[in-house]
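Read the structure below first, then the notes.
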Amino acid sequence: NAGLNVTVATITLDNVGSTPVVDINFDTDADGAATLTSGAILTLGSLTADGQGTNDTMTFTSTVETQGTTIAINQANQVNFQGDVTAETSLTVSNINTEIDLAAGVDLTAQAGNVDLNNTVAQIDLSGAGTNVITATGAAAEVQLDDVVDSANITELEINAGLNISVATITLNDVGST
């Protein structure tokens with residue numbers, strides 16, 4: 001927990017036989033503009049990251065992976081993913097005021113559950129020239145996306161799901177958000 005900003009270089013919790021929880025809460029004192037900046041995260045348990053308002057920014061500069069359960073990211077102005085994100089079960093990003101930003105080549109994967117990016121998310125911005133892959137693996141797995149736009153000349157957006165895919169809109173025209 002932090003009253004304002006949190007910066008983490010790397011978190012690795014990989015003790016076999018345990019399922020540790022990484023729970024990051026920032027901007028806990030008041031609803032100020034706060035940041036979470038994180039390098040690589042690997043845990044055999046779950047990951048939760050929570051801001052407090054519509055003016056917080058979360059930036060994950062490297063890979064994020066849970067090998068036990070879920071990834072849940074909630075309550076921010078913007079969430080920036082600069083490395084692949086893999087959840088053993090479900091991946092949920094919710095209550096994002098401006099956008100979820102996926103850099104070039106960033107893939108989002110839920111290995112046995114849903115990729116859920118449409119719960120009060122303004123938009124998903126593909127900001128790097130390249131390919132982004134969003135995958136929900138499993139017979140009943142779904143990909144749920146809010147509006148998808150690009151602020152770069154992306155090569156490909158690939159969406160894979162075991163069952164259903166729902167997307168509000170997709171606008172890939174290298175113009176970005178307005």
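The values are calculated or read from the model by the stated rules, or taken from the named source; none is laboratory data. The structure displayed is predicted, hence computed values, not measured ones. Quick reminder, even Gly has a Cβ in these numbers, built from the backbone with ideal geometry, and neighbours come from all protein chains shown. Note: accessible area is taken over every heavy atom of the protein model, side chains too, but ligands, DNA and RNA are not part of it. Shrake-Rupley method; radii C 1.70, N 1.55, O 1.52, S 1.80 Å.
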* Using Cα pairs closer than 8 Å and at least 6 residues apart in sequence, work out the relative contact order for the stretch 68-124, in percent. => 38 percent
* To do: Quote the FRET efficiency, to the nearest 0.05, computed for Thr7 versus Asn173 with a Förster distance R0 of 30 Å and r equal to the Cβ-Cβ distance.
  => 0.30
* Determine the sum of side-chain charges near Ala152: Lys and Arg each +1, Asp and Glu each -1, restricted to other residues whose C-beta is under 12 angstrom from that of Ala152. => -4
* **Cα Rg, Dmax (largest Cα-Cα span) when computed across the stretch 97-162, Å** => 11.6, 33
* Asked: With all pairs of different alpha carbon atoms counted, what Kirkwood hydrodynamic radius in Å does the chain show?
  -> 16.1 Å
* To do: Just the number, please: percent antiparallel of the DSSP beta bridges in the stretch 35-150, rounded to the nearest 5.
  => 0 percent
* Structure fact -> For Thr19, the net charge from surrounding residues (Cβ-Cβ under 15 Å; K, R +1; D, E -1) works out to -4
* Does the stretch 39-87 come out rounded, prolate or oblate, given a ≥ b ≥ c as the square roots of the eigenvalues of its C-alpha gyration tensor, rounded meaning a/c under 1.5 and, failing that, prolate meaning a/b above b/c? -> oblate
* Structure fact -> Taking Cα pairs closer than 8 Å and at least 6 residues apart, the relative contact order of the stretch 1-138 in percent is 17 percent
* Once amide H atoms are placed 1.01 Å from N in the peptide plane, what residues at a sequence separation of 5 or more from Thr48, or on another chain, have their amide H within under 5 Å of its amide H? -> Val22, Asp23, Ile24, Ala72
* Structure fact -> Taking placed amide H atoms and a strict 5 Å upper bound, the residues 5 or more places from Ala161 or on another chain that come that close are Ala136
* **Charge sum, other residues only, whose C-beta stays under 11 Å from Thr169's C-beta, Lys/Arg counted +1 and Asp/Glu -1** => -2
* Asked: Each residue of the stretch 93-99 in turn: what ³J(HN,Hα) in whole Hz from Karplus with 6.51, -1.76, 1.60 and θ = phi - 60°, glycine and Pro shown as x?
  -> 10, 9, 6, 10, 5, 9, 6
* With a 1.4 Å probe and every protein chain kept in, tell me what percent of the accessible surface of the stretch 27-178 is carbon plus sulfur. => 43 percent
* On average, how much accessible surface per residue is there in the stretch 51-178, in Å², for a 1.4 Å probe, leaving out ligands, DNA and RNA? -> 39 Å²
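May I ask you to work out the translational diffusion coefficient for the stretch 83-129 at 37 °C, viscosity 0.692 mPa s, via Stokes-Einstein with Rh from the Kirkwood sum over Cα pairs, reported in whole µm²/s?
295 µm²/s
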